[in-house]
Amino acid sequence: MAGPLAEISDSFFRPAVNDLVPYEPGKPVEEVQRELGLERVVKLASNEGPFGPFPEAREAIERIVPELNRYPDGGAYRIRAALAERLDLPFEAVAPGAGSDGLVDCLSQAILEPGDEIVCGWPSFPSYVIDARKFGAVPITVPLRDGRYDLEAMIEAVSPRTKIVYVCLPNNPTGTSNSRAELDVYFDRVPEHVLTVLDQAYLEYIDDPEYPDGIEEYLKRGRRVVVLRTFSKIYGLAGLRVGYGLAPAPIVTAIGKVRRAFDVTTPAQEAALASLDSAQELARRRRANVEGRTQLEAILREHGLEPVAPAVANFVFVEVGDDSRPFFEQLLREGVIVRPTHGFGAPGAVRVTVGTSDEHELLAAALERVLPRAPA
């Protein structure tokens, strides 16, 4: 047996790292089964789509298996070229990344220095805050208004030290979105020294004429903006970690300088590329999500829980008390994993992902045992 490992004190690390509270991912199904001895566990915690990769993506992954002894294309040429063509953008405006979250990290590396500031709504996606703190930057968090980003207050929070403003559209974890009119006013008012990062990870789930297309309406009109998108959600590729950012070429170049050389794997690139021409399956999944979200909201209301509305993505957000962890633990023991949102800035709430009808039935049965049904 090996001897004792070396002791390393906190003083060895940067103070910014010592002070970090790391991102806490949702519990894996296998871990819950192992810890609690449960045969059936469903995960409604991590905003994954309930369906796997598109059939074309599965075939692409299988085809590439014999080549996995080779490193990926570090420049992700084929997927970048395909996205540039479909979005009518220059090749130089497309930045690949290990999910949109990987691009948030790259933007933080490329732009932020100690003492710089970022502004975002709160509660919201934790990586905006965590990645800023990694580099000694200061997150300025602005409370939501009526469950949505308060863009007016965020403009007021911008200072000469602000480098980045994140707009999560729709917001994670609340599932709510701002309108085109609100975004138009925001872009008219935001100071020119600020880079806006418009996070549209859930874009494909939304079928609302008032939901703005960040590429067509802001990037192509010369706004100082990065638009983030991903293949993790509706495309069913969360396990492969592949996303992309659309931005002015100097931003893409800077991302390329700090991005790890092979962070988008060959299966990820090939599966993403194969998913681009599946409009019918995309539409089917969008319809299924609307139906599933309606069913999920009804189940929660039947048990006295009121989701924040209107939710537009593939998850809902609901307050359950001062501390959501006891509720989370109760559901966990019943075989249902939801997401307590302490790390998102909402310690009294949970986020519940839209699943299949079968998974929703298991949730409903668990709620029957955990909560009394609301009176009719």
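List residues of the stretch 192-208, by number, whose backbone nitrogen lies under 11 Å from a label position 7 Å along Cα→C-beta of residue 58. Residues passing the 11 Å test: none. Per-residue extension of 0.36 nm, minus the Cα-Cα distance of residue 180 and residue 51, leaves a gain of 43.5 nm for this segment. In plain terms, the bigger the Kirkwood radius, the slower the diffusion; for the stretch 1-154, with that radius from Cα pairs, at 25 °C and 0.890 mPa s, Stokes-Einstein puts D at 121 µm²/s. Across the stretch 324-333, computed HN-Hα scalar couplings (Karplus, 6.51 cos²θ - 1.76 cosθ + 1.60, θ = phi - 60°) run 7, 5, x, 5, 4, 5, 4, 5, 4, 5 Hz from first to last residue, x flagging Gly and Pro. In this label model, residue 20 and residue 279 are separated by 4.2 nm, measuring between points 7 Å along each Cα→Cβ vector. Remark: the stretch 242-316 carries a charge dipole of roughly 220 debye about the Cα centre, counting +1 on each Lys and Arg Cβ and -1 on each Asp and Glu Cβ. Ordering 307, 65, 51 by the projection of their Cα atoms onto the charge dipole of the chain, which places +1 on the Cβ of Lys and Arg and -1 on the Cβ of Asp and Glu, puts 65 at the extreme positive end. Taking 20 Å as the cut-off, the amide N atoms of the stretch 116-154 that come nearer than this to a point 7 Å along the Cα-to-beta-carbon line of residue 306 belong to 123, 144-149.
Among the listed pairs 27/163; 220/257; 233/257; 163/220; 27/220; 134/233, those with a Cα-Cα distance over 31 Å are 27/163; 27/220.
For a quick protection proxy, order the peptides 319-329, 104-114 by their average other-Cβ count within 10 Å, most packed first.
Ranked by mean Cβ neighbours within 10 Å, highest first: 104-114, 319-329.
For a quick check of your reading of the filter: which GluC sites (Glu not before Pro) in the stretch 150-198 sit in a DSSP loop and have no more than 14 other Cβ atoms within 10 Å? Could you put the intermediate results ahead of the total?
Numbers: sites: 152, 156, 182, 192; in loops: 192.
Loop-located and lightly packed - 192.
For the chain, give me the percentage of DSSP beta bridges that are antiparallel, rounded to the nearest 5 percent. Once the DSSP bridges in the chain are tallied, antiparallel ones form about 45 percent. A simple spin-label model places pseudo-atoms 7 Å from Cα toward Cβ; at residue 35 and residue 161 they are separated by 3.8 nm. Positive end of the dipole of the stretch 198-296 (Cβ unit charges, origin at the Cα centre): among 225, 212, 235, the Cα lying farthest that way belongs to 225. If you wrap the Cα atoms of the chain in a convex hull and average its projected area over all directions, you get 21.7 nm². Relative to one another, the C-alpha centroids of the stretch 33-99 and the stretch 195-251 are positioned 16 Å apart.
We did not get these values from a lab; they are worked out from the coordinates using the rules stated. The structure displayed is predicted, hence computed values, not measured ones. FYI the Cβ positions are ideal-geometry reconstructions off the backbone, even for glycines, and counts take in every protein chain you see.
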